[in-house]
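A.B. asks: This is the structure I have questions about; it appears just below.
Values in this text are rule-based calculations from the coordinates and carry no lab data. Just so you know, these numbers come straight off a predicted model, no measurement behind them. Glycine gets a Cβ as well: all are built from the backbone with ideal geometry, and neighbour counts include every protein chain shown.
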Amino acid sequence: MRMINTLRKVRPLQLILFCTFAFLYIPIIALMAMSFNGSHSPFILKGFSFRWYSVLIHDTRVIHGLINTLIVATGSTILSSILGTLLAVGLHRYTKSSALNAFALAPAIVPDIVLGIGLLALYALLSVSLGLYSVLLAHVVFSMAFVTAVVKARLAHTDKYLREASMDLGATRTATFMRITVPSLAPAILAGALLAFTLSLDEFVIAFFTNGPTTPTLPIVIYSMVRFGVTPEINALATLLMLVSFTAVIIAQRMTRPSEEQ
Amino acid sequence: MTSTIPTRVSRDSEKRRDLLERMVLQGPGLLFITIFMATPITLVAIYSIFQRGRFGGIVYKATTENFTRALDPVYLGVLTDSLKIAGITTILAIAIGYPTAYAIAKLPTKWRSIALVLVVMPFWTNFLIRTYSWIMLFNREGLLNHALLKFNIIHTPLDLLYTQSAVVVGLLYGYLPLMILPLYASIERLDPQLGEAAANLGATRTRAFFSLTLPLTASGLIAGSIFVFIPSLGNFIVPELLGGGKTVMVGNLIRDQFLKARDWPFGSVLALSVIALVFIFFMLQNAVEKRFSSDAHD
């Protein structure tokens, strides 16, 4: 009797979960399934095939886009991890003012289109010719806000006595920072860096405005493909990208779990 | 480093070192944000009061023309449409996200983290590709029409694509995880004993929800709404891909002013209007949060 009661209690909630996950995953599964369809149109079924994967890996636009994206993502992740970590520690130690804290996190909140056109205007004013580095710098500014947020959250739980002990024992500020502060923040810095990297990989709007004509990033290549209608090549690309993201999410999950339990 | 006499000199040098440390830590980041965020937004604000040049560019002669032009019914209509679409998307995200977050919080611990990963995963997939997947579903020859025709639910294919509803679905699909996660965080923190106490004191479930659960989860609700509303409002990808030429949102307009019409001053005014709307939304949220938190403490 009790069993039936619990079942009755749980069921509507499970139904809700089922519907939400169906909504989230049906488009993705359909997209992946169609990437193995031999037909030219994603709407006509014609047997299992790897044809579109072969088209994809021979598409130089896609390969160039991928290389560009990896350059931008790697560069902006390194820069934003360093700047964001320094900023988070600095804000944690010296700044109580909420205005300055808000300013540091603002790039994450400003609508991307506003940041995009603003940066375009800035680059135009300074006559900076657009290329990969203009996208890279633009990506640093919003990635940094995410790194700062993640590292700051972690700082709230760190032990300040460890740092004081280190300084009392005669270590310089720099040595203390490198040997005590950074290692104790390592999981948060890594999580922030991973977040920065994935955000940059996927970022389209800001890249769209700050990109040079000869150096499109992968999202920009995808945009030009998607705009000109449906081709199963996009499905193949989507499937590969999803596999990469899913693996990354799982690795990230594994990495951050122990630190959460501390 | 013998600490014999704590003189004023050493305290002063300590202070000076603190200042130096603060500058080394905060300086680079804050300088970067000043150059790459504050300056661009200031530029947009400045450009909004100038005239456009004949071949693009800016003519530095002050005018209010850009602002009066934004009040033209055509552009005002696009702004209100954008607000409406972003608003409906946010409301739907709450309607779906709240029960989902609640259901996840009620799962056994082991299943909870799996459910959360499943919520996050689509979000790490390229936004353009996720939007594109709805073209495949909504197309006249798409999977949805295919299924509906096959099961004789409809007899002629429906025009699902290139409608405002398609845009709302696309935005909802894109940003739903951003609603579920903060909601889950705030629901999970709720003390289950509070609900029992309310029931013992004779509160109905509805009453308990509105006077207890809702105020206590207001912060998650507000964070989720911000995360859904802001990117929806400025979005130009979804209206372009799923709305066709028919549904134009303010994001499309801004993009076109900057890249096609090359009327930067007018584009700047439109961008400022987005910032203003976002700001108003924040103020509203702030007011709501204050009310709810004071209710919860009463």
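A.B. asks: Using a 10 Å Cβ count of at most 16 others and DSSP loop calls, identify the longest part of chain A lacking such chymotrypsin sites (Phe, Trp or Tyr not before Pro). All intermediate terms of the calculation are to be shown ahead of the outcome.
C.D. replies: Details: sites that count: A:Phe50, A:Phe228.
Counting only loop sites that pass the neighbour cut-off, the longest clear stretch is A:51-227.
A.B. asks: Something else now. Evaluate the distance, in nm, between pseudo-label points positioned 7 Å from the Cα of A:Met178 and of A:Leu243 along their respective Cα→Cβ axes.
C.D. replies: 4.2 nm
A.B. asks: Report the local net charge at B:Phe55: Lys and Arg +1, Asp and Glu -1, summed over other residues whose C-beta lies under 15 Å from its C-beta.
C.D. replies: Details: positive: B:Arg52, B:Arg54, B:Lys260, B:Arg262; negative: B:Asp263.
Combined, the nearby Lys, Arg, Asp and Glu give +3.
A.B. asks: Suppose we flag trypsin sites (Lys or Arg not before Pro) only when DSSP calls them loop and at most 11 other Cβ atoms lie within 10 Å. Which is the longest uninterrupted stretch of chain A?
C.D. replies: A:97-262
A.B. asks: Under a Cβ-only charge scheme (Lys and Arg +1, Asp and Glu -1), can you give me the dipole magnitude of the stretch B:70-297 about the Cα centre, in debye to the nearest 20? Intermediate results must be reported in sequence, preceding the final value.
C.D. replies: Details: 16 positive and 12 negative charges, 77 e Å.
Computed charge dipole of the stretch B:70-297: roughly 360 debye.
A.B. asks: Relative to the first principal axis of the alpha-carbon coordinates of chain A, what is the inclination of helix A:112-125, with its axis defined by its Cα atoms, in degrees from 0 to 90 and to the nearest 10?
C.D. replies: 70 degrees
A.B. asks: Figure the gain on full extension for B:Asp72 and B:Lys260 (residue separation times 0.36 nm, minus the Cα-Cα span) and round it to one decimal in nm. Provide the component values of the computation, followed by the final result.
C.D. replies: On the way: separation 188, 0.36 × 188 = 67.68 nm, distance 1.99 nm.
Value of the extension gain: 65.7 nm.
A.B. asks: Report the FRET efficiency, 1/(1 + (r/R0)^6), for B:Arg11 and A:Tyr161, where r is their Cβ-Cβ distance and R0 is 25 Å, rounded to 0.05.
C.D. replies: Numbers: r = 21 Å, r/R0 = 0.85.
For R0 = 25 Å, the calculated efficiency reads 0.75.
A.B. asks: Follow-up question, since we're still on this one. Give me the net charge of B:Leu25's neighbourhood, meaning all other residues with Cβ under 14 Å from the Cβ of B:Leu25; Lys, Arg count +1, Asp, Glu -1.
C.D. replies: Net of charged neighbours comes to +4.
A.B. asks: Explain nothing, just compute: Karplus ³J(HN,Hα) = 6.51 cos²θ - 1.76 cosθ + 1.60, θ = phi - 60°, for every residue of the stretch A:176-186 in order, whole Hz, x for Gly and Pro.
C.D. replies: Whole-Hz 3J(HN,Hα) from phi for the stretch A:176-186: 4, 4, 6, 9, 10, 5, 4, x, 6, 9, 3.
A.B. asks: Okay, moving on. Distance from the Cα centre of the stretch A:127-146 to that of the stretch A:205-222, in angstrom?
C.D. replies: With the stretch A:127-146 and the stretch A:205-222 each reduced to a Cα centre, they are spaced 12 Å.
A.B. asks: Also, quick follow-up: Non-local amide H neighbours of B:Arg52 (under 5 Å, H modeled in plane, Pro and chain starts lacking H): which ones?
C.D. replies: Counting only residues 5 or more places away or on other chains, the set is B:Val59.
A.B. asks: Okay, moving on. Would you please give the FRET efficiency between B:Arg54 and A:Ile63, computed as 1/(1 + (r/R0)^6) with r the Cβ-Cβ distance and R0 = 51 Å, to the nearest 0.05?
C.D. replies: Numbers: r = 41 Å, r/R0 = 0.80.
Here the calculated transfer efficiency is 0.80.
A.B. asks: For chain A, with a Gaussian network of springs between Cα atoms less than 10 Å apart, report the residue from A:Pro216, A:Pro183, A:Pro12 with the top mean-square fluctuation.
C.D. replies: A:Pro12
A.B. asks: Something else now. Read phi for every residue in the stretch A:51-62 and hand back ³J(HN,Hα) as whole Hz from Karplus 6.51 cos²θ - 1.76 cosθ + 1.60, θ = phi - 60°, with x for Gly and Pro.
C.D. replies: 3J(HN,Hα) across the stretch A:51-62, in whole Hz: 3, 6, 5, 5, 4, 4, 6, 9, 8, 5, 4, 5.
A.B. asks: Another question, then. How much net charge surrounds B:Gln164 when only the other residues with a Cβ under 15 Å from the Cβ of B:Gln164 are counted, with Lys and Arg +1 and Asp and Glu -1? Please report the intermediate quantities before stating the final value.
C.D. replies: Values: positive: B:Lys84, B:Lys246; negative: B:Asp81, B:Asp159, B:Glu240.
Result for the local shell: -1.
A.B. asks: Put +1 on the Cβ of every Lys and Arg and -1 on every Asp and Glu Cβ in the protein assembly as shown; which of B:Thr34, A:Thr85, B:Ser232 then has its Cα farthest towards the positive end of the dipole?
C.D. replies: Checked the options; the winner is A:Thr85.
A.B. asks: Counting chymotrypsin sites (Phe, Trp or Tyr not before Pro) as exposed when in a DSSP loop with at most 10 other beta carbons within 10 Å, what is the longest stretch of chain B free of them?
C.D. replies: On the way: sites that count: B:Phe55, B:Tyr60, B:Phe151.
In short, B:152-298.
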